[in-house]
Amino acid sequence: MTTLLLAEHDNKTLKDATNKALTAAKALGADVHVLVAGKGCRPVAEAAAKLEGVNKVLLADGAAYEHMLAEPVAALVHSLAPGYDAIVAPATTTGKNVMPRIAALLDVMQISDIVKVIAPDTFERLIYAGNAVQTVRSKDKTKVITVRTSTFQATGEGGSAPIEEAASAADPGISTFVGEELSKTERPELTSAKIIISGGRAMQSRENFTKYIEPVADKLGAAVGASRAAVDAGYAPNDWQVGQTGKVVAPELYIAVGISGAIQHLAGMKDSKVIVAINKDEDAPIFQIADYGLVADLYQALPELAAELGKAGR
Amino acid sequence: MKILVPVKRVVDKDIKIRVKSDNSGVELANVKMSMNPFDEIAVEEALRLKEKGQATEVVCVSVGPQQATETIRTGLAMGADRGILVKTDKAPEPLAVAKILKAIVEEEKPGLVILGKQAIDDDCNQTGQMLAALTGWPQGTFASKLVIEGDSILVTREVDGGLQTVKLKGPAIVTTDLRLNEPRYASLPNIMKAKKKPIDEKTPDAYGVDVSPRLEVLKTGEPAGRKAGVKVKTVGELVDKLKNEMGLI
């Protein structure tokens, strides 16, 4: 019985999503091997080897894996699959892209976005934007699983697993990487931030995010998020979107500003420990789930909040 | 080039679903059903490619109950040319749907299959990637832009850190994200015209696909609830509570 965990990384550093998915992988009860596929990514493999409870790290270093394109990575994992009972990845855009391709190559039905491991073959997952919880049992020989990282604690260091080179599989050669535009920010990443402040349609412009939301974020060391309405309107980039179809987050503190609380947004943040809502509409649904609600105009409340945080020593 | 667009009948996005009291599933009787919103985006993208002269025919496929005909008609009213209904009263899983779609791909030989990235009922996000695996075609998932250049398809993808562009060697599978386009509304004359467009009816058996589920649903329950907390009157009071009551800041 062995579980293979596909590591999330950028060829330089191991991402926190891996530590969280590792917690779920260990809950399956078997040994865990971590696969680091990428280019020039030995430092990532070394980081993975230090994680508590990892028994072995497989390093597949090759140009075809540099950008984690689904076609070569699925071929690689498929070639390694016979040695494993379960294949696990965090439900990041990389995991969501690659894992169903692996599942279909193995003729198994993937279990997407699990929030709980009940038994090695039984899991809880959310459906209908988190409005229902399904308990499912897989009858497939190999379990292919993606993990909702916001519901699992990150595994820390404390191991020293051996690193082995994995033989690469033939690249199907049907896809190539052309380019990327990645957001550059000094702020923490949304999915691992302890505090998040998000803006909605009421922000009215990209400039207002910069002028009103970001100063508060900087005082709190918070990540900045946005509702789908704000992203659709072009006020915020797509990678800021929190919700059913964006990122699912569960920080210690989530501050929703000018967000009414559509079901699809709540699906992405309602597991946050403490939720603060600032909205001028006192009937906004977001107040029904907020621990602290402030009925106020955001254009007054946010500068005041920045000032109060300054006074409080932030 | 022909474009195949699979569409799914789901509970309308604006309906708040209810879990059945015996935990056997979600209440679907007498609930408004619509085309999965991501699939509407897929239909729209296919139609735009046809209007640009880059596609010749748009075929909508649905795997589902007899009523999924209505979902196909929605696509036809938007402008698709014809439909295929693969009728089954079981709720087939993404793997089974992908196998049926693969058989249809072999029959219809499209140059492109455009699917929604996920259905808003089961939130699986699998069918497109699985179809890509089974056909051996490349995949451009979570697309916010799609450009056809000769035999290649350039797809800009919404990824966690921003945007990534990949070049796929056609034929290919593309799944849609929200920012790809804004789907059109069907006009009344087009709704009338759609009634005359052909829809073929098939069964999973005809394609030799077993739709028995691989995942056994043991229980469908309510998620842990969350209660409304308190309203604070001022920003000062809010900061005080977060700092002194919760120790968060």
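The values are calculated or read from the model by the stated rules, or taken from the named source; none is laboratory data. Everything numeric in this text was worked out from a predicted model, so none of it was measured. For neighbour counting, all protein chains shown are included, and Cβ atoms are generated from backbone atoms with ideal geometry for every residue, glycine included.
Before we move on, is B:Q54 away from chain A (no Cβ under 14 Å), assigned to a loop (DSSP other than H, G, I, E, B) and in contact (Cβ under 8 Å) with a residue 40 or more places away in the chain?
Against the criterion (away from chain A (no Cβ under 14 Å), assigned to a loop (DSSP other than H, G, I, E, B) and in contact (Cβ under 8 Å) with a residue 40 or more places away in the chain), B:Q54 qualifies.
Filter the range B:42-70 down to the residues that are buried (at least 24 other Cβ atoms within 10 Å of the Cβ) and among the β-branched types (V, I, T) and list them by number.
Matches in the range B:42-70: B:V43, B:V58, B:V61, B:V63.
Looking at the range B:222-237, is at least one residue under 30 Å from A:K143 (Cβ atoms) and either in contact with a strand residue (DSSP E or B) (Cβ under 6 Å, 6 or more places away or on another chain) or touching a residue at least 24 places away in the same chain (Cβ under 8 Å) (or both)?
yes
Taking the range B:93-132 as the region of interest, how many residues are part of a loop (DSSP other than H, G, I, E, B), free of Cβ contacts under 8 Å to residues at least 60 places away in the same chain and farther than 23 Å from A:P72 by Cα?
2
Looking only at residues in the range A:166-191 that are more than 11 Å from chain B (Cβ to nearest Cβ) and closer than 22 Å to A:S272 by Cα, which one is surrounded by the most Cβ atoms within 10 Å (Cβ to Cβ)?
A:P188
Would you mind finding the one in B:T175, B:T220 that is of a type in the set (S, T, Y), within 30 Å of A:A233 (Cα to Cα) and either within 24 Å of the chain's Cα centre (by Cα) or part of a helix (DSSP H, G or I) (or both)?
B:T175
So how many residues does the range A:147-179 have that are closer than 23 Å to A:A21 by Cβ and either more than 22 Å from the chain's Cα centre (by Cα) or without any contact (Cβ under 8 Å) to a residue 60 or more places away in the chain (or both)?
The number of residues fulfilling the criteria is 11.
For the condition at the interface with another protein chain (Cβ under 8 Å from one of its Cβ atoms) and either β-branched (V, I, T) or within 16 Å of A:I196 (Cβ to Cβ) (or both), what is the one hit in A:L302, A:L253?
Going through A:L302, A:L253 in turn, the sole match is A:L253.
Hey, does the range B:125-147 have a residue that's closer than 12 Å to B:K167 by Cβ and surrounded by fewer than 19 Cβ atoms within 10 Å (Cβ to Cβ)?
yes
The conditions are (1) out of contact with any Lys or Arg (no Cβ under 9 Å at 6 or more places or on another chain); (2) among the aromatic types (F, W, Y); (3) assigned to a strand (DSSP E or B), and B:F142 fails exactly one of them. Which is it?
For B:F142, the failing item is (1).
Being at pLDDT 95 or above and of a type outside the set (F, W, Y) narrows it down to one of A:A267, A:A262, A:A290, A:A250, so name that one.
A:A290
Condition first: in contact with a helix residue (DSSP H, G or I) (Cβ under 6 Å, 6 or more places away or on another chain) and of a type in the set (V, I, T). Now tell me which residues in the range A:138-190 satisfy that.
A:V144, A:T146, A:V147, A:T149, A:T155, A:I163, A:I174
Just to be sure I understand, how many residues within the range A:99-133 are more than 25 Å from B:V211 (Cβ to Cβ) and more than 8 Å from chain B (Cβ to nearest Cβ)?
Adding up the residues that qualify gives 6.
Among the listed residues B:Q54, B:Q67, identify the single one that is in contact with a strand residue (DSSP E or B) (Cβ under 8 Å, 6 or more places away or on another chain) and farther than 20 Å from B:L180 by Cα.
B:Q67
(1) of a type in the set (D, E, K, R); (2) closer than 23 Å to A:Y65 by Cβ; (3) within 17 Å of the chain's Cα centre (by Cα): which one isn't true of A:R125, the others all being true?
(2)
Give the residues of the range A:212-223 that are free of Cβ contacts under 8 Å to residues at least 40 places away in the same chain and either within 19 Å of A:I286 (Cα to Cα) or in a loop (DSSP other than H, G, I, E, B) (or both), sorted by residue number.
A:G221, A:A222, listed by residue number.
Would you be able to tell me the number of residues in the range B:7-48 that are in contact (Cβ under 8 Å) with a residue 40 or more places away in the chain, touching a helix residue (DSSP H, G or I) at 6+ places or on another chain (Cβ under 7 Å) and assigned to a loop (DSSP other than H, G, I, E, B)?
Looking only at that region, the number is 3.
From (1) within 14 Å of chain B (Cβ to nearest Cβ); (2) surrounded by 21 or more Cβ atoms within 10 Å (Cβ to Cβ); (3) touching a Leu at 6+ places or on another chain (Cβ under 6 Å), pick out the condition that doesn't hold for A:A86.
(1)
Return the residue satisfying two criteria in turn: it lies in the range A:214-234 and is within 17 Å of A:A277 (Cα to Cα) and not aliphatic (A, V, I, L, M), and of such residues it is farthest from the other protein chains (Cβ to nearest Cβ).
It comes out as A:E214.
Inside the range B:207-226, can you point out the residues that are farther than 29 Å from B:E107 by Cα and at the interface with chain A (Cβ under 8 Å from one of its Cβ atoms)?
Of everything in the range B:207-226, those that are farther than 29 Å from B:E107 by Cα and at the interface with chain A (Cβ under 8 Å from one of its Cβ atoms) turn out to be B:E216, B:V217, B:L218, B:K219, B:T220, B:G221, B:E222, B:P223, B:R226.
Please report, ordered by residue number, the strands (runs of 3 or more DSSP E) entirely within the range A:153-207 with at least 1 residues that are in contact with a His (Cβ under 7 Å, 6 or more places away or on another chain).
Where strands (runs of 3 or more DSSP E) fall fully within the range A:153-207 and carry at least 1 residues being in contact with a His (Cβ under 7 Å, 6 or more places away or on another chain), they are A:175-182.
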